[in-house]
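Each remark here refers to the structure printed beneath this line.
The values are calculated or read from the model by the stated rules, or taken from the named source; none is laboratory data. Values in this document were obtained by computation on a predicted structure and should not be read as measured data. Positions of Cβ are generated from backbone atoms using ideal geometry, with glycine treated the same way; all protein chains shown enter the neighbour counts.
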Number of protein chains: 2
Amino acid sequence: MNLDMIEAAAGRLDGHLRRTPLLSSPFLDDIAGRRVFVKAECLQHTGSFKARGAWSALSAMDPDLRRKGVMGFSSGNHAQGVAWAASAHGAPSVILMPADAPALKRANTAALGAEVVLYDRATEDREALGTTLATERGLTLVKPYDEPLVIAGQGTVGLEIAAQAAEAGVTEAEVLVCCGGGGLTSGIALALEGHAPGLRVRPVEPEGFDDVKRSLAAGSIQSNNRMDGSICDAIVTPRPGDITFPILSRLCGPGLAVSDEEALRAMALAFLRLKLVAEPGGAVALAAALLRTEEIEGDTVIAVISGGNVDPAMFNRALTSYGSA
Amino acid sequence: MNLDMIEAAAGRLDGHLRRTPLLSSPFLDDIAGRRVFVKAECLQHTGSFKARGAWSALSAMDPDLRRKGVMGFSSGNHAQGVAWAASAHGAPSVILMPADAPALKRANTAALGAEVVLYDRATEDREALGTTLATERGLTLVKPYDEPLVIAGQGTVGLEIAAQAAEAGVTEAEVLVCCGGGGLTSGIALALEGHAPGLRVRPVEPEGFDDVKRSLAAGSIQSNNRMDGSICDAIVTPRPGDITFPILSRLCGPGLAVSDEEALRAMALAFLRLKLVAEPGGAVALAAALLRTEEIEGDTVIAVISGGNVDPAMFNRALTSYGSA
């Protein structure tokens with residue numbers, strides 16, 4: 001897994017994926033006490049960065065294998081990414097999804113052309129289920145994060161951040177990334193190592209589901225004790241990946257963790273100040289940038305909003321609780 | 001008022017204003033029955049296109065006059081644009097604002113550095129009040145739409161649409177623009193006349209406040225009967241401008257009008273499918289694109305979301321009514 005693979009993915013993505021904008025607001029700068037830039041990856045096709053990794057994987061597949069179909073397991077964003085990229089490549093797709101995933105994500109995944117198969121997040125082993133299903137049907141599994149082609153696709157976010165930071169005159173900053181299994185975070189870290197070495201990545205997770213933070217602190221892979229109970233469904237994963245963790249360990253600063261309420265407050269601020277829709281798991285990096293200011297170094301912070309696939313009821317909760325200017 | 005002035009404004013805006021993205025979603029294409037592109041001008045600085053016109057006017061002012069200060073009258077978006085552009089140019093600003101403007105717009109305008117003066121939209125003549133205030137304090141009035149420098153700034157949206165449509169391979173389309181006094185609409189129409197003659201502009205207004213639609217149909221300037229009672233506060237104006245109307249009349253197709261409920265439904269769809277926050281008046285063009293499909297010609301429509309400065313309660317209303325996928 002290296003920078004060349006990310007640059008090759010950028011070539012395959014060109015013309016199909018969006019170069020999402022890097023936004024800012026003086027109101028957010030005031031809250032954070034430093035300059036805040038926001039990479040609005042919620043504006044990506046399918047509403048999250050996952051479309052990049054899925055496109056990267058699909059576009060690099062052997063055409064005969066691709067024609068047989070692909071499979072993904074995902075709480076929803078990877079699912080939509082795989083369904084979208086598969087449809088665009090003329091490939092069937094099957095998505096294994098937890099039964100408690102937001103209704104919007106389930107509906108979108110089906111509407112984008114995938115067959116959706118549900119499982120119980122608390123009691124069933126999705127990796128084993130997925131492998132069985134893939135074998136039975138001759139499908140190729142597109143892993144959500146621990147897969148070099150997927151990491152390479154997500155890393156194109158980092159190439160864009162490097163270019164956009166340079167355009168904004170930013171050469172030193174902490175780059176906060178919403179982190180589940182570490183595909184986006186490790187991809188961005190590799191891209192920045194090559195193109196913007198003054199930008200340091202820091203993973204951000206939900207409190208109580210901070211396996212990456214604890215793994216970085218321990219120097220070895222640590223697991224979460226549980227898989228349910230967070231509103232940040234998009235980034236709750238059992239543990240960092242075997243491919244992603246060594247990259248994170250080598251390149252990232254310490255992890256951060258925020259509460260569900262902090263994520264909701266960041267969603268309300270993204271609504272008010274950026275006119276963006278962020279989902280809870282996609283807002284944790286912005287939450288840390290705005291609300292954990294004493295844990296961040298330097299005069300500039302870049303936060304990735306990684307997704308915006310949130311049910312209206314949850315969005316209303318954020319606005320009702322924290323929508324007053 | 002001509003294309004050269006828009007291109008000159010683009011030069012003054014370069015590096016200060018955002019090139020907002022042109023977005024799309026297969027879900028919106030399905031609803032409309034044709035390709036839909038959305039110019040996400042709600043992502044502009046201050047949350048609306050008004051920052052462009054204000055910057056265009058401020059950046060072209062005589063520095064001595066500018067130092068004395070500027071004045072604007074506005075329901076809120078022009079206000080924020082003028083306050084933001086004035087602060088960036090080191091100029092004081094006074095904003096005359098209707099007392100029923102959304103709380104968020106009032107608060108933002110003050111926070112951006114302006115002095116806010118309130119008036120009654122139903123009983124007071126804002127033009128007369130503004131002229132008096134400007135004369136008394138030596139302020140230069142920045143009109144919200146019937147001013148060539150402001151139209152030139154708004155017209156830069158049209159330059160971007162022309163370039164982005166070409167990048168997307170679109171050479172023929174109807175371009176729906178949320179229309180109040182016609183500054184944005186006439187500016188875009190002039191820009192497209194020069195750079196994308198296959199793209200035809202059509203103004204979109206709230207039902208009951210469709211002065212531009214009726215003026216175009218009559219061939220002469222018509223007024224609205226009332227100024228209150230719409231949730232689309234951003235685009236309720238007494239009548240088309242003396243400068244904007246001849247441009248609209250020469251270049252635009254027939255106007256469209258949508259209901260408040262249609263605007264709310266478009267807001268919910270922008271939330272669900274684009275992850276964008278649109279305000280009611282900023283959503284009328286998207287509403288027409290998605291819901292008045294039989295009134296639109298051709299296989300491609302481009303809708304401008306002109307602003308996103310909406311109070312949380314109004315946004316919740318849109319999601320509660322129309323947020324189910």
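Kindly indicate whether any position in the stretch A:8-29 is within 21 Å of A:Val175 (Cβ to Cβ) and in contact with an Asp or Glu (Cβ under 6 Å, 6 or more places away or on another chain). Within the stretch A:8-29 (the criterion being within 21 Å of A:Val175 (Cβ to Cβ) and in contact with an Asp or Glu (Cβ under 6 Å, 6 or more places away or on another chain)), the answer is yes, since at least one residue qualifies.
Of the residues making up the stretch A:263-276, those that are under 12 Å from A:Ile31 (Cβ atoms) and away from chain B (no Cβ under 11 Å) are A:Arg265, A:Ala266, A:Leu269. Please verify whether A:Arg317 is under 18 Å from B:Leu272 (Cα atoms) and either in the same structural domain as A:Ala103 (by TED's automatic domain parsing) or surrounded by fewer than 23 Cβ atoms within 10 Å (Cβ to Cβ) (or both), treating the condition exactly as stated. Taking the combined requirement at face value, the residue satisfies it. Taking the stretch A:167-206 on its own, how many of its residues are under 17 Å from the mean Cα position of the chain (by Cα) and either in a loop (DSSP other than H, G, I, E, B) or outside the structural domain of A:Ile296 (by TED's automatic domain parsing) (or both)? Total satisfying the criteria: 4.
Would you confirm, using the coordinates I've provided, whether B:Arg121 is in contact with a strand residue (DSSP E or B) (Cβ under 8 Å, 6 or more places away or on another chain), under 19 Å from B:Met227 (Cβ atoms) and without any contact (Cβ under 8 Å) to a residue 40 or more places away in the chain? Considered against the rule, which asks whether it is in contact with a strand residue (DSSP E or B) (Cβ under 8 Å, 6 or more places away or on another chain), under 19 Å from B:Met227 (Cβ atoms) and without any contact (Cβ under 8 Å) to a residue 40 or more places away in the chain, B:Arg121 comes out as no. Among residues of the stretch B:64-106 being surrounded by fewer than 16 Cβ atoms within 10 Å (Cβ to Cβ) and of a type in the set (A, V, I, L, M), the one that is farthest from B:Ala134 (Cα to Cα) is B:Ala103.
So which residues in the stretch A:15-37 are over 16 Å from B:Thr46 (Cβ atoms) and within 11 Å of another protein chain (Cβ to nearest Cβ), if there are any at all? Of everything in the stretch A:15-37, those that are over 16 Å from B:Thr46 (Cβ atoms) and within 11 Å of another protein chain (Cβ to nearest Cβ) turn out to be A:Gly15, A:Arg18, A:Arg19, A:Thr20, A:Leu22. The set of residues in the stretch B:11-37 that are assigned to a loop (DSSP other than H, G, I, E, B), in contact (Cβ under 8 Å) with a residue 12 or more places away in the chain and more than 18 Å from A:Leu112 (Cβ to Cβ) comprises B:His16, B:Leu17, B:Arg18, B:Arg19, B:Thr20, B:Pro21, B:Gly33, B:Arg34.
Selection of the stretch B:106-136 for residues being facing another protein chain (nearest Cβ under 10 Å) and under 26 Å from B:Ala313 (Cβ atoms) yields B:Arg106, B:Ala107, B:Asn108, B:Ala111, B:Leu112. Quick one: would you say B:Thr109 is assigned to a helix (DSSP H, G or I), in the same structural domain as B:Val277 (by TED's automatic domain parsing), in contact with a helix residue (DSSP H, G or I) (Cβ under 9 Å, 6 or more places away or on another chain) and polar (S, T, N, Q)? So B:Thr109 fails the test.
Being at pLDDT below 95 and either over 16 Å from the mean Cα position of the chain (by Cα) or outside the structural domain of B:Glu193 (by TED's automatic domain parsing) (or both) holds for only one residue in B:Gly72, B:Gly11, and it is B:Gly72.
The stretch B:38-95 holds helices (runs of 4 or more DSSP H) entirely within its bounds, and those carrying 1 or more residues that are in contact with a strand residue (DSSP E or B) (Cβ under 6 Å, 6 or more places away or on another chain) and more than 13 Å from chain A (Cβ to nearest Cβ) map to B:63-68, B:77-88. Just one of (1) surrounded by fewer than 24 Cβ atoms within 10 Å (Cβ to Cβ); (2) over 21 Å from B:Asp29 (Cβ atoms); (3) more than 14 Å from chain A (Cβ to nearest Cβ) fails for B:Val212. It is (1). Selection of the stretch A:226-248 for residues being modelled with pLDDT of 90 or more, buried (at least 19 other Cβ atoms within 10 Å of the Cβ) and assigned to a helix (DSSP H, G or I) yields A:Thr244, A:Phe245, A:Ile247, A:Leu248. Within the stretch A:294-325, being within 11 Å of another protein chain (Cβ to nearest Cβ) and assigned to a loop (DSSP other than H, G, I, E, B) holds for A:Gly308, A:Asn309, A:Val310, A:Asp311, A:Gly323, A:Ser324, A:Ala325.
Matching residues to (1) without any contact (Cβ under 8 Å) to a residue 24 or more places away in the chain; (2) over 17 Å from B:Ala263 (Cβ atoms); (3) of a type outside the set (Asp, Glu):
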position	(1), (2), (3)
B:Ile188	no, yes, yes
B:Leu192	no, yes, yes
B:Ala196	no, yes, yes
B:Arg202	no, no, yes
B:Glu205	no, no, no
B:Phe209	no, no, yes
B:Ser215	no, yes, yes
B:Ser220	yes, yes, yes
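Surrounded by 20 or more Cβ atoms within 10 Å (Cβ to Cβ), in a loop (DSSP other than H, G, I, E, B) and more than 9 Å from chain A (Cβ to nearest Cβ), is that true of B:Gly253? In short, no. When A:Arg239, A:Arg250 are screened for being closer than 27 Å to A:Ala99 by Cβ and among the basic types (Lys, Arg), only A:Arg239 passes.
May I ask you to verify whether A:Ala103 is out of contact with any Phe, Trp or Tyr (no Cβ under 9 Å at 6 or more places or on another chain), within 14 Å of another protein chain (Cβ to nearest Cβ), under 19 Å from A:Cys232 (Cβ atoms) and small (Gly, Ala, Ser)? Yes: the conditions hold for A:Ala103.
Among residues of the stretch B:265-292 that are farther than 15 Å from B:Glu41 by Cα, those with a beta-carbon under 8 Å from a residue that is surrounded by fewer than 24 Cβ atoms within 10 Å (Cβ to Cβ) and of a type in the set (D, E, K, R) at least six positions away or on a different chain give the pairs B:Ala287/B:Glu262; B:Ala287/B:Arg265; B:Ala288/B:Glu262; B:Ala288/B:Glu295; B:Leu290/B:Arg265; B:Leu291/B:Glu262; B:Leu291/B:Arg265; B:Arg292/B:Glu262. Of the residues making up the stretch B:124-170, those that are within 30 Å of B:Pro197 (Cβ to Cβ), touching a residue at least 40 places away in the same chain (Cβ under 8 Å) and hydrophobic (A, V, I, L, M, F, W, C) are B:Leu149, B:Val150, B:Ile151, B:Ala152, B:Val157, B:Leu159, B:Ile161, B:Ala165, B:Ala168, B:Val170.
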